[in-house]
Amino acid sequence: MERVLLRDQALVRLREAIVSGELPPGGVVKDAELAGRLGLSVAPVRTALARLADEGLVESKPQSHTRVTAVVPSVVHDAAVVVRAMHELAVTTAVPLVADEDLTAMRDANARFAAAVAAGDVDTALTCDDELHDVLVDRAGNGAVRATVDRFTPLVRRLERLRFGAAHGADSVDLHDRLITACASRDVEAAVATTTAIWTALLSELTEENP
């Protein structure tokens, strides 16, 4: 059990470091150095790096190096399409089951998201955005959906963090409000349509060519 917990701890912390840019794209990572930084032994770090390679966040060459992968818009596009589909499925299942505490949690997350956008705090904004949508993923109770969202969302967040803008954030606040309203009304069709709009707008913004 302890080994599993250490592996999971290493996975979460390394994934966060990659998404935040603390471990930048193209950077070489060494398991012993990472273990020292995390205060862990090498074994759980190696296991975590293997998982991150499976998720597309690092790449390893035997007898050579492990490197953080580059941020590739086409790869992000593919991941975002999958994440959008999973959130649409989660919303379809979750909306009829939404409880008052779910709505409260979503409203709180959106309020913190709006404040972070106004303050230009991208990392907090993205965290709050995840928290809001996670309410519905958790309520849906589909383990396969949860696992898929957890696997592919970090690929999307890396590019979103680089391109996050105030206009996008303000639009997202309004779309979140529409989603919450639909959930409160138990309007599955409107909630799914709003979820599609949220992820479609994000996908369009992230995969457009830089000027």
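The values are calculated or read from the model by the stated rules, or taken from the named source; none is laboratory data. Everything quoted here is computed from the prediction, not taken from an experiment. Cβ atoms come from the backbone with ideal geometry, glycine included; neighbour counts cover every protein chain shown. Ligands, DNA and RNA are excluded from the accessible area calculation, which covers all protein heavy atoms including side chains. Shrake-Rupley method; radii C 1.70, N 1.55, O 1.52, S 1.80 Å.
Being touching a helix residue (DSSP H, G or I) at 6+ places or on another chain (Cβ under 6 Å), outside any helix (DSSP H, G or I) and within 20 Å of Val145 (Cβ to Cβ) is a condition met by no residue of segment 21-28. Residue under question is Thr124, and the condition is that it be at pLDDT 95 or above, at negative phi and assigned to a helix (DSSP H, G or I); does it hold? When the stated conditions are applied, Thr124 does not pass them. When the residues of segment 83-108 are filtered to those that are touching a residue at least 40 places away in the same chain (Cβ under 8 Å) and open to solvent by 50 Å² or more (accessible area, probe 1.4 Å), the one that is nearest to Thr195 (Cα to Cα) is Arg84. Pairing residues of segment 3-31 that are over 14 Å from Pro154 (Cα atoms) and of a type outside the set (D, E, K, R) with residues that are in a loop (DSSP other than H, G, I, E, B) and open to solvent by 40 Å² or more (accessible area, probe 1.4 Å), at Cβ distances under 8 Å and at least 6 apart in sequence or on separate chains, gives Leu6/Ser41; Gly26/Ala70.
Per the listing Ala70, Ala111, Ala53, the residue uniquely open to solvent by 30 Å² or more (accessible area, probe 1.4 Å), out of contact with any Cys (no Cβ under 7 Å at 6 or more places or on another chain), outside any helix (DSSP H, G or I) and at negative phi is Ala70. Selection of segment 160-177 for residues being modelled with pLDDT of 90 or more and touching a Leu at 6+ places or on another chain (Cβ under 9 Å) yields Ser172, His176. Contact map, segment 55-78: residues that are in contact (Cβ under 8 Å) with a residue 40 or more places away in the chain and within 10 Å of Val28 (Cα to Cα) paired with residues that are in a helix (DSSP H, G or I) and of a type outside the set (Phe, Trp, Tyr), Cβ distance under 7 Å, separation 6+ or inter-chain. Pairs shown: Val58/Leu49; Val58/Leu52; Val68/Ile18. Among the residues examined, Leu40 qualifies as assigned to a loop (DSSP other than H, G, I, E, B), open to solvent by less than 40 Å² (accessible area, probe 1.4 Å) and over 16 Å from Leu155 (Cβ atoms). Just one of (1) closer than 21 Å to Val98 by Cβ; (2) buried (at least 16 other Cβ atoms within 10 Å of the Cβ); (3) in contact (Cβ under 8 Å) with a residue 40 or more places away in the chain; (4) not charged (D, E, K, R) fails for Gly141. It is (2). May I ask you to verify whether Val117 is of a type in the set (Val, Ile, Thr), out of contact with any Phe, Trp or Tyr (no Cβ under 9 Å at 6 or more places or on another chain) and over 18 Å from Ala79 (Cβ atoms)? When the stated conditions are applied, Val117 does not pass them.
Check segment 197-211 and report whether any residue there is buried (at least 18 other Cβ atoms within 10 Å of the Cβ), within 28 Å of Pro96 (Cα to Cα) and at pLDDT 90 or above. Scanning segment 197-211 turns up at least one residue that is buried (at least 18 other Cβ atoms within 10 Å of the Cβ), within 28 Å of Pro96 (Cα to Cα) and at pLDDT 90 or above.
Of the set (1) buried (at least 19 other Cβ atoms within 10 Å of the Cβ); (2) among the polar types (S, T, N, Q); (3) closer than 27 Å to Ala70 by Cα, all apply to Thr124 but (1).
Can we say Cys183 is in contact with a Phe, Trp or Tyr (Cβ under 6 Å, 6 or more places away or on another chain), open to solvent by less than 40 Å² (accessible area, probe 1.4 Å) and modelled with pLDDT of 95 or more? Spell out how you get there, then give the answer.
Numbers: in contact with a Phe, Trp or Tyr (Cβ under 6 Å, 6 or more places away or on another chain): no; open to solvent by less than 40 Å² (accessible area, probe 1.4 Å): yes; modelled with pLDDT of 95 or more: yes.
Considered against the rule, which asks whether it is in contact with a Phe, Trp or Tyr (Cβ under 6 Å, 6 or more places away or on another chain), open to solvent by less than 40 Å² (accessible area, probe 1.4 Å) and modelled with pLDDT of 95 or more, Cys183 comes out as no.
Residue-level check: of (1) hydroxyl-bearing (Ser, Thr, Tyr); (2) open to solvent by 40 Å² or more (accessible area, probe 1.4 Å); (3) farther than 13 Å from His87 by Cβ, Ser172 misses just (2).
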